[in-house]
Each structure stands twice: as structure tokens, then as C-alpha cells.
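Note sheet for the following structure.
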Amino acid sequence: MEAAERFRQGDENTVIAHDLRVSVRSVQRWRKAWSQDGTRALASKGPASLPQLSDDLFAVLERELAKGPVAHGWPDQTWTLSRIKTLIGRRFHKSYTAQGVAALLKRHGWSCQVPARRAIERDENVVAGWMEETWPQVEGRWRRSTPGSTSRTKPDSR
């Protein structure tokens, strides 16, 4: 719509293209459409293509994801974009890129998360004790600043 206003003002295509950060060819196409059908010709016609997975198929994908990667033949319980891409290809015979899978998931409210992995055998009391008793001794030798120590270089005062 800004281009239409600039066309009315008589601005040149190269100036409009530079200001709107688009190609001159795009501005030329817009100007031609505008001269033939006016401002309404420049209105958005929506996305260039429909999503490959409809909302109904995405609901099926969510049920498949809920089963977990092991149920689909992977050795661990980590979903990756690559694995989801493969699952979509196997289940729906649709081809996505990893970036396309990320966009699909984001569009449906999913987010990238890295699960916190803790050993089943982990004993929180032992860990807490180690952090209080052992770690200060280890850290003290290598990491703790002592009076007079600094990571900055002092200027030579000769």
C-alpha cells in the first residue's frame, strides 16, 4: 500500500525499491498491476500455497508424536526436527524441510525444548552434600579470586 501512495506521488521505481528494500522488478510488477486495477490489485492474496498438513492431519501427527520416538523405531525418546520430518514423510507421504517442520510446529503452538536429563540413580542429598563440601575445595584451587588477584591487566606504573 505504501508503494501505491508512492506511485501516486510519481516516485521512480528504483527509489521505491530502495526505500522498501525490494527488487526493482517487484516494484515494476506492482506499478503495472496498480495502473491496471488500482490499489486493490496490490492487496495481499494470502499465502502462496496451502499448508501441506491440514489441521485434521496435524492432530493425527500430534497423536503420533505423543507415542514417542521409540514407538516409531528410534533408539531414544528424543524428537528432533529430522525425525519429525521423517515421520511426516512416512505417515502422510508429504515432504518437508527441517525448517518447514519447525515452522509447522511453531504455527501450531509447539516450542523447541531440551528435556532435563537426570540419571534415575541420582541422589539429590548426595549431590547437595558434594556441592557444599567438595566443590568449594575444587573451585578454591582454580577459580576463586583472592585478594589482590584480578582478571584485568593493570597498567605498568614504571
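Where a number appears in this text, it was derived from the coordinates with a stated rule and is not lab data. Just so we're clear, the structure is a prediction, and the values are computed from it rather than from any experiment. Heads up, the Cβs are rebuilt from the backbone with ideal geometry, glycines too, and the neighbour counts pull from every protein chain shown.
Remarks
- Karplus-derived 3J(HN,Hα), 6.51/-1.76/1.60, for each residue of the range 57-72, Hz, glycine and proline x: 5, 5, 4, 5, 4, 4, 5, 5, 5, 5, 5, x, x, 4, 5, 9
- Total charge dipole magnitude, the range 2-42, about the Cα centre, Cβ charges on Lys, Arg, Asp, Glu only, Debye to nearest 20: 200 debye
- 3J(HN,Hα) along the range 88-99, derived from phi through the Karplus expression 6.51 cos²θ - 1.76 cosθ + 1.60 where θ = phi - 60°, amounts to 4, x, 5, 7, 10, 6, 10, 10, 10, 8, 4, 5 Hz, with x in place of Gly and Pro.
- Evaluating 6.51 cos²θ - 1.76 cosθ + 1.60 at θ = phi - 60° for every residue in the range 19-33, the Karplus couplings come out as 5, 8, 6, 10, 6, 4, 4, 4, 5, 4, 5, 4, 5, 4, 4 Hz, glycine and proline recorded as x.
- Dimensionless Rg over Rh [the range 2-42; C-alpha; Kirkwood]: 0.92
- For the range 55-107, size of Cβ-based charge dipole, Lys and Arg +1, Asp and Glu -1, in debye: 120 debye
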